[in-house]
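The structure under discussion appears below in the form of structure tokens.
The values are calculated or read from the model by the stated rules, or taken from the named source; none is laboratory data. The shown structure was predicted, so the numbers you read here are calculated from the model rather than taken from an experiment. For neighbour counting, all protein chains shown are included, and Cβ atoms are generated from backbone atoms with ideal geometry for every residue, glycine included.
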Amino acid sequence: MFGNKLKKEREQREWSQEYLAEKIQVSRQSISKWETGKNYPSIELIIDLSDLFGITIDELLRSDEKLKGKVVQDSKQKLNWQSHFLIGIGVLIGIVIVSMIKNDGINWMATVEVIGITALLFLTYLFIRKGVRVVEQRK
């Protein structure tokens, strides 16, 4: 199980949960939950842990089917910032094209207003997603 492997590696180095938490910038409670199997770290943190302990990700994950499933699912769901940026650019281009067709040309004031509102909504969406991820990671 991942939690047992994590605890074993931590204790071999005579590190406290607090010390390990500081090294990977999470709470001590997160380390405790991972070691007891109540929660699992993100793939980014698993990579950090494997680097920190000098072992492969496979060694950390091999014995824990539930964690392997979570890692696979997380990797399928995440869009990186470049994907979000491209989606936003596509939406803005669509808005400009619709504005051109509707107005037989470009109404620059209306286009700027729509782009501004769209950009604001897009940034709000990104901040909310980031906040949700942080909250989920702390559970």
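Quick check on Gly37: is it over 17 Å from the mean Cα position of the chain (by Cα), in the same structural domain as Thr118 (by TED's automatic domain parsing) and at pLDDT 80 or above? So Gly37 fails the test.
Per-residue answers, yes or no, for (1) among the polar types (S, T, N, Q); (2) touching a His at 6+ places or on another chain (Cβ under 6 Å); (3) over 22 Å from Gly69 (Cα atoms):
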position	(1), (2), (3)
Met1	no, no, no
Asn4	yes, no, no
Ala21	no, no, yes
Gln29	yes, no, yes
Trp34	no, no, no
Ile46	no, no, no
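Here Leu45 fulfils each of the conditions (1) closer than 25 Å to Tyr125 by Cβ; (2) surrounded by fewer than 15 Cβ atoms within 10 Å (Cβ to Cβ); (3) modelled with pLDDT of 75 or more apart from (2). Checking the structure you have, find out if any residue of the range 60-83 is more than 30 Å from Leu6 (Cα to Cα), surrounded by fewer than 14 Cβ atoms within 10 Å (Cβ to Cβ) and either touching a strand residue (DSSP E or B) at 6+ places or on another chain (Cβ under 8 Å) or modelled with pLDDT of 70 or more (or both). Scanning the range 60-83 turns up at least one residue that is more than 30 Å from Leu6 (Cα to Cα), surrounded by fewer than 14 Cβ atoms within 10 Å (Cβ to Cβ) and either touching a strand residue (DSSP E or B) at 6+ places or on another chain (Cβ under 8 Å) or modelled with pLDDT of 70 or more (or both).
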